[in-house]
Amino acid sequence: MVSGCRFSHARTLAAAIVAMAASATCPEKAHARPVEDATQAERQTLNAALFLVDRAVARLPIVLTAMMPDIASPGIQGWTSMGPDGNGERIFIYTGSDVFRCARPSNENRQCVVKLASVIVHEAWHFRHGGSESGAYTAQLTFLLGNQAAAEHVTDVRRSRDRAVAAERRAVEAARRLSGRPEAAR
Ligand SMILES: [Zn+2]
C-alpha cells in the first residue's frame, strides 16, 4: 500500500485488486502533461469541475493525462500516485474517459461536470488519506448528494463502492492467507 496507483473507478472488479497489488506501476511521469499543456477545451473542462469542489481540493497537484496506466481497467476516470512515504504525489485525470468527454463545456451537461468533480473529490481523499476505498467513496457520495447529482450517478457510484470495498476485503484476506500460518496450508 506504500506506493502504487489508486483508482477511483471500479467498473471492473479488477481495478481495486490491482490497485492494492500494484507496486510502482503508475503511468510514467512523462505521459502526464501539466495542465498548461492541455488543450483549451480540456482545461475548461477541468476548471468547470474544479469550480464545484472545495478550494483546498482544487489546489492539489492535479494533472490531465491522455495515457492510461498499463494496469488500468477500461472504465478508469482518474487515479492518484503515492510516494514511497505513503503521501499523495499527484492526481491524474484521464481525458479519454466518457465522463471527461461528456463534461466538456460544449456539451452543457451539468450532471457530467458534477460527476467529474466527484472523481476529483474521490482522488483528493486518496491523496490526503491513503488507499481506503471506503473513505474515498464516502467522500465522493457525500459530494454527489450535496450537488444534486442524478439518482443514477449516485446509484452507479454506490455500486462501485460496494464492489471496491468487497474486492479490498478479499485482497486483504488473500494477503493474510499468503503471509500467515504456512503450516495450516500444508
Ligand atoms: Zn479509489
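We did not get these values from a lab; they are worked out from the coordinates using the rules stated. What you see is a predicted model, and the numbers here were worked out from it, not measured in a lab. Counting neighbours? That spans all protein chains shown, and the Cβs are built from the backbone with ideal geometry, glycine included.
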Convert each backbone phi in the stretch 119-131 into a coupling constant with the Karplus relation 6.51 cos²θ - 1.76 cosθ + 1.60 (shift: θ = phi - 60°), then list the ³J(HN,Hα) values in order as whole Hz, x for Gly and Pro. 5, 5, 4, 4, 5, 4, 5, 4, 4, 8, 10, x, x
Going by a ≥ b ≥ c, the root eigenvalues of the Cα gyration tensor, does the stretch 41-186 fall in the rounded group (a/c under 1.5), the prolate group (a/b larger than b/c) or the oblate group? prolate
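Provide the packing ranking of 138-150, 99-111, i.e. peptides ordered by the mean count of other C-beta atoms within 10 Å per residue, highest first.
Going by the mean number of other Cβ atoms within 10 Å, highest first, we get 138-150, 99-111.
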What's the ranking of 40-47, 70-77 by average number of surrounding C-beta atoms within 10 Å, highest first? 70-77, 40-47
